[in-house]
Amino acid sequence: MHHWLLLSIVVAVLVGMLLPLQALLNARVGALTQGALFASFLSFAVGTLALALVLLVTRTPLPTMRTLTSLPPWLWCGGLIGAVFVFCGTLLVPRLGAAGMICLIVAGQLAGSLLLDHYGVLAQPRPVDAVRLAGAVLVGIGALLVVRPWQAG
């Protein structure tokens, strides 16, 4: 296996391990302050400040206002989707637990990713085949086994 691929896999797994912690921290902030919406705002504010600092330290050139205003409006949805993700995670982790929420989100991410890949949304198409579909079904089954909705009550 190529070293960069292995490093990429390790980094992806480590970042993935941080997501439930982020949701738990945000949920605690929400419980101790004004709720999930404020906690999500605070999370984004801290993240924005951290990224601004990294931009300054690395002296990354910023795009011109002309470049920014020429972007198609739908490209700005990435930030909106991130805000929805953080808000929903903050809201749902107390109800589903960190493991349940992350499992369901991963199942949703996989289903959405397969559709986006299959139809080549913003990239080359990567058709869904039986093996990829079986993997997605197994992830869905795994999420259900973690959440156990049949035991809710």
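Summarise the accessible area of the chain (1.4 Å probe, protein heavy atoms) by the percent that is carbon and sulfur.
Exposed carbon and sulfur together represent 76 percent of the surface.
Sort Val137, Val93 by heavy-atom solvent-accessible area, probe 1.4 angstrom, most to least.
From most accessible down to least: Val137, Val93.
Find which of His3, Gly30, Val146 sits farthest along the positive direction of the dipole of the chain, computed with +1 on the beta-carbon of Lys and Arg, -1 on that of Asp and Glu, about the Cα centre.
Gly30
Any idea what the relative contact order of the chain is, in percent, if you count C-alpha pairs under 8 Å spaced at least 6 apart?
Averaging sequence separation for qualifying contacts and normalising by length gives 23 percent for the chain.
Could you tell me what a quarter of the Cα convex hull surface of the range 1-66 works out to, in nm² with one decimal place?
Mean projected area of the Cα convex hull: 7.2 nm².
What size of dipole, in debye to the nearest 20, comes out for the chain about its Cα centre when the only charges are +1 on Lys and Arg C-beta atoms and -1 on Asp and Glu C-beta atoms?
Here the chain has a charge dipole of around 180 debye.
Pull out the extension gain between Val131 and Leu55, defined as 0.36 nm times the separation in residues minus the alpha carbon to alpha carbon distance; nm, one decimal.
Answer, rounded to one decimal: 23.3 nm.
Which whole-number value in Å² is the accessible area per residue of the range 43-153, probe 1.4 Å?
74
The values are calculated or read from the model by the stated rules, or taken from the named source; none is laboratory data. Only a predicted model underlies this, so the values are computations on that prediction, with no experimental measurement involved. Don't worry about glycine lacking a Cβ; one is built from the backbone with ideal geometry, like all the others, and counts go over all protein chains shown. Only protein heavy atoms, including side chains, enter the accessible area calculation; ligands, DNA and RNA are left aside. Shrake-Rupley method; radii C 1.70, N 1.55, O 1.52, S 1.80 Å.
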